[in-house]
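Reading through the structure tokens given below for one structure.
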Amino acid sequence: MVRSAAVRHGLSAMSGKRVNRRQFVSVSVAAAGSAALCCAPAIAQGSAHVVVIGGGFAGATCARQLKRLDRKIQVTLVETNPTFIACPFSNAVIAGFCDLSAQRFTYEKVAADGIALAAARATAVEPGARIISLADGQRLSYDRLILAPGIDIRWDALPGYGEAAAEQMPHAWKAGEQTLLLRRQLETMEDGGLVVISAPANPFRCPPGPYERASLIAHYLKARKPRSKLIILDAKDVFSKQRLFQSAWKELYPGILEWVPLSSGGNVTSVDPNTNTLVTDFEKYRANVANVIPPQRAGGIAERAGVADVSGWCPIDPVTFESRLQANVHVIGDAAIAGAMPKSAFGANAQAKTCAVAVVKLLRGETPLSPKLINTCYSLVAPDYGISIAGVYHAVDGQLTEVPGSGGVSPSDAPRSTRSAEANLAEDWFRTTTAEVFG
Ligand SMILES: Cc1cc2nc3c(=O)[nH]c(=O)nc-3n(C[C@H](O)[C@H](O)[C@H](O)COP(=O)(O)OP(=O)(O)OC[C@H]3O[C@@H](n4cnc5c(N)ncnc54)[C@H](O)[C@@H]3O)c2cc1C
């Protein structure tokens, strides 16, 4: 029943403006699922169509890399938003020393590479039939599907915190309006006010992100509202680059920034947006500005595609990034369970390239090689004070694990000139990566 509807719908929807008809393998062929065709490599048949859902750091990179590796592959990128707004450096926007316009990127250059853009939200995936549905009524068939939808907020995880509450207590964990809202709240706050940030338990997007944000807001308060205070309520006792952050806070923001770990009652159990109150097991914090970073999960389409497990994230094979739950569907970026790799734009970019190589090989009927992936996460503690953590990852026993001795963090006793050089490296990384992905 569903399949015949798919065929009916699919053929009529293929004249959609943004996606060229020849970009698609015929839905009727895909729906027929011919046993004779299914075992032959798709490229050998000259008809490979890869659909990528999500045009962020992972998805846009992967789409372009696929085209670079083999121009014959038809690639469609499905993305809801006409422009992408990047999270890295959005904390600098919140602190007032970068503009949101520098975070915006268009898909013009992606399309110029010969990638078909479907400017719509993907609403459903039928892995058996290898068909996806879009909110505008189109249905696309694929040989391989790459899911790169990033994260969604778990709106049901923190009592009191829903979409309406986020208008009062912004999360700003997806860049855009939420980023600007938090910025405005800080600007209008009186000197002497209290800013409270709640940081979630692992795993979540950008492990050092809450602490970079706290640092940069403290920088703003120190300069502009020095009688104010910032408290981080944390659902954890340890966090990324902790020693480096804490020693920088002691040096730069004494008396301004306080971190309350889980073991000291930092876990936020509910919030009240009417009074801007965050409740922990021990205390209530009434904030002038409340930045609630709530628990997260893979972007919703992952669950609808059947590739997310009970954790809300997507288990994958670490060599090909193919889902462990659905054949011919790959998951990259924040949505994936990538073992020891953190959920970062740097990592998403690396996973996307690895996945593209593997998908091309699979389409040719070849065996993908086991990859090595690099990640570096830079954080700013002040505009001219950068720190970083790096690692190299490889597949061991079905998991991405850090190569022993490969990584490390910035030295704890480095002079300010090194911190300043790392702040420049962070900016260089952002510029070169966004140029590679969107430029
Ligand atoms: C404050 C902050 C600071 C950060 N700083 C850094 C940093 O300095 N360095 C770093 O490496 N990382 C940083 N990160 C993390 C980084 O932003 C993410 O790890 C990265 O964006 C993940 O890439 P992604 O492609 O998986 O997801 P995203 O970049 O979020 O892209 C997902 C895309 O999928 C689209 N999408 C979702 N669902 C659908 C659907 N159903 N149909 C169509 N399109 C869909 C979305 O619109 C979006 O464009 C930071 C994050 C935050 C919040």
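The values are calculated or read from the model by the stated rules, or taken from the named source; none is laboratory data. All figures in this text were calculated on a predicted structure; none of them were measured in a lab. Because the Cβ atoms are built from the backbone with ideal geometry, glycine has one as well, and the counts that use them run over all protein chains shown.
List, please: which pairs have Cβ atoms under 8 Å, are six or more places apart or on different chains, and start with a residue in the stretch 336-347 that is near the ligand (Cβ under 8 Å from one of its atoms) and end with one that is of a type in the set (Lys, Arg)?
Qualifying pairs under 8 Å: Lys343/Arg205.
Would you point out which residue out of Ala102, Ala58 is outside any loop (DSSP other than H, G, I, E, B), at pLDDT 95 or above and near the ligand (Cβ under 8 Å from one of its atoms)?
Result: Ala58 is the single residue among Ala102, Ala58 that is outside any loop (DSSP other than H, G, I, E, B), at pLDDT 95 or above and near the ligand (Cβ under 8 Å from one of its atoms).
Given the stretch 192-281, what strands (runs of 3 or more DSSP E) lie entirely inside it while holding 1 or more residues that are touching a Pro at 6+ places or on another chain (Cβ under 8 Å)?
194-199, 229-234, 268-272
Which of the residues that make up the stretch 44-55 are within 11 Å of the ligand (Cβ to nearest atom) and either in contact with a helix residue (DSSP H, G or I) (Cβ under 6 Å, 6 or more places away or on another chain) or outside any loop (DSSP other than H, G, I, E, B) (or both)?
The answer is Val51, Val52, Ile53.
Taking the options Ser379, Ser406, name whichever one is at negative phi and in a loop (DSSP other than H, G, I, E, B).
Ser406
If you scan the stretch 68-99, which residues turn out to be assigned to a helix (DSSP H, G or I) and either surrounded by fewer than 20 Cβ atoms within 10 Å (Cβ to Cβ) or of a type in the set (Asp, Glu) (or both)?
Across the stretch 68-99, the qualifying residues are Arg68, Leu69.
Would you say Phe282 is surrounded by fewer than 18 Cβ atoms within 10 Å (Cβ to Cβ) and more than 14 Å from the chain's Cα centre (by Cα)?
Judged against the criteria, Phe282 is a match.
Filter the stretch 244-268 down to the residues that are surrounded by fewer than 20 Cβ atoms within 10 Å (Cβ to Cβ) and of a type in the set (Gly, Ala, Ser) and list them by number.
Ser247, Gly255, Ser263, Ser264, Gly265 - these are the residues of the stretch 244-268 that are surrounded by fewer than 20 Cβ atoms within 10 Å (Cβ to Cβ) and of a type in the set (Gly, Ala, Ser).
May I ask you to verify whether Arg304 is within 19 Å of Pro210 (Cα to Cα) and within 16 Å of the ligand (Cβ to nearest atom)?
no
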